[in-house]
Amino acid sequence: MTNMEFSSLLGMDTTLVLLLILGLISYFSWIFSTIKDNKIGPKMASGAMFIIVLLLLWRVFQLNLDFGLVLTGAVFFAGLSWIMGSIIKLKTLTSESRSYFFILLIILSIRSFAYEPYQIPSSSMEPGLQVGDFVLVNKFAYGIRLPAINKLISKEKGPKRGEVAVFLPPHTLCEATPEDARPELSSMSVRDSQIFLNRFMSLQKTRCTTLGIKYVKRVIGLPGDKVEIRGYEIFINDIKIKQELLNRDEVENLYMETIDGIDHIVRILGTKEYENFIWEIPPNKYLAIGDNRDNSLDSRAWGYFSKEHLIGRGEFIWLHWGSFSELPHFQRNRRIK
């Protein structure tokens, strides 16, 4: 069995699997050397585990994996270690595992049911959200969901037009079908359906993962809405969205756009060819686009996202860290509009 087949079997990245195996080896080496009262062994194993944990976190963020699932696994592992320490009567393992268990459980609870940090990875929401912005996502804004499995356990509240939402778009989910993204696909013209199919399948082939990839966009269409985009003009239920020019130069045009009383700034570069889109949004589906209208992979390319794939509402920018070559700062701290 090749490495690729092995990782595919586990539904995980090969590097991630290797790091997990090395971490378990270091973990059991620490237990064994501690029991044998070896003075050097536990220090070496602890150092190795620390480095491996850092590499694991780096790989998790690089793969854009669901950190809630990672935290859930960490809580479960700490609990098992606590139990193991009690069984083999290793006080050091018991005490450390117990403290890690409660710390991780508190972090998991806050992240799952209150606020989750999310880093903006692209320029699709500029100028409002920039690459390197760390955003607090309100997890209870659209209903409380269980961590990792994203199952709703409270009354559901859908997003409002104009809100910035974090969600899983269909083309990032390997099990999603083109019909999930556009339920009306069979009733579309042959030309339009073929264009969408080619685009969706190409995106899904290069971007899908088992757990999906989180996107942040502005919601402009709710279930039952008729939304039309003519070039850079947006019509919702046949009413044109107000756009007021703020600044124009050789590079960009900035407009103040108002959707249902929510004001936000959009960037238009004028580089896209004229396109016309018309959607009549089905039940339980939403339409979302980026504020950087010429540089955003959004509903214009991959269709609708589903209510069951809502993560939360973007509310605050709490930190900006553009790259490793610069220091993080709090100068962009503000509420998201």
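No value in this document is a laboratory result; all are computed from the given coordinates. Note that the structure is predicted; figures quoted are calculated from it, not measured. Here the Cβ is made from the backbone with ideal geometry for all residues, glycine too, and neighbour counts use every protein chain on show.
With neighbour counts taken as other beta-carbon atoms within 10 Å, the residues His329, His309 rank, fewest first, as His329, His309. Distance from the Cα centroid of region 109-150 to that of region 164-197 is 24 Å (rounded to whole angstrom).
Note on Leu197 and Met256: with the Förster distance fixed at 35 Å, the Cβ-Cβ geometry gives a FRET efficiency of about 0.45. Once both labels are positioned 7 Å from their Cα atoms along Cα-to-Cβ, the gap between Thr15 and Asn276 label points is 4.7 nm. A simple charge model with +1 on the Cβ of Lys and Arg, -1 on the Cβ of Asp and Glu and nothing else charged puts the dipole of the chain at about 1220 debye relative to its Cα centre. Going from the fewest other Cβ atoms within 10 Å to the most, the residues Ser189, Ser86, Ser29 appear in the order Ser189, Ser86, Ser29. Residues Lys214, Lys43, arranged from fewest to most other Cβ atoms within 10 angstrom of their Cβ, appear as Lys43, Lys214. Neighbours of Met49 by Cβ distance under 14 Å: Lys/Arg scored +1, Asp/Glu scored -1, total 0. For the pair Glu156 and Gln331, the difference between a 0.36 nm per residue extended length and the Cα-Cα distance amounts to 59.6 nm. Helical content of the chain, expressed as a calculated mean residue ellipticity at 222 nm, amounts to -12000 deg cm²/dmol (DSSP H runs of 4 or more residues, -39,500 (n - 2.57) each, divided by residue number, nearest 500). Highest mean first, the peptides 115-127, 194-206 sorted by other C-beta atoms within 10 Å per residue fall in the order 115-127, 194-206.
For region 262-316, which chymotrypsin sites (Phe, Trp or Tyr not before Pro) pass both filters: DSSP loop (anything but H, G, I, E, B) and at most 13 other C-beta atoms within 10 Å?
Loop-located and lightly packed - Tyr274.
A straight Cα-to-Cα reach below 18 Å connects Lys285 with the aspartates and glutamates Glu156, Glu163, Glu175, Glu179, Asp180, Glu184, Asp225, Glu228, Asp298, Glu308, residues fewer than 8 places away in its own chain not being considered. Could you name the aspartates and glutamates whose alpha carbon sits less than 18 Å from that of Lys43, not counting residues in the same chain fewer than 8 places away? By straight Cα distance, Lys43 reaches Glu96. Beyond 26 Å in Cα-Cα separation lie the following of the pairs Lys214/Lys240; Lys242/Lys272; Lys214/Lys242; Lys139/Lys226: Lys214/Lys240; Lys214/Lys242; Lys139/Lys226. Using only Cα atoms and rounding to the nearest 10 degrees, what angle (0 to 90) does helix 67-87 make with the longest principal axis of the chain? The two axes meet at around 20 degrees.
Ser193: net charge of surrounding residues, Cβ under 12 Å, Lys/Arg +1, Asp/Glu -1, itself excluded?
Once all neighbours under 12 Å are counted, the net charge is 0.
Loop-located GluC sites (Glu not before Pro) across region 234-337 with a Cβ neighbour count of 11 or fewer within 10 Å are Glu250, Glu273, Glu275, Glu326, with loop assigned by DSSP.
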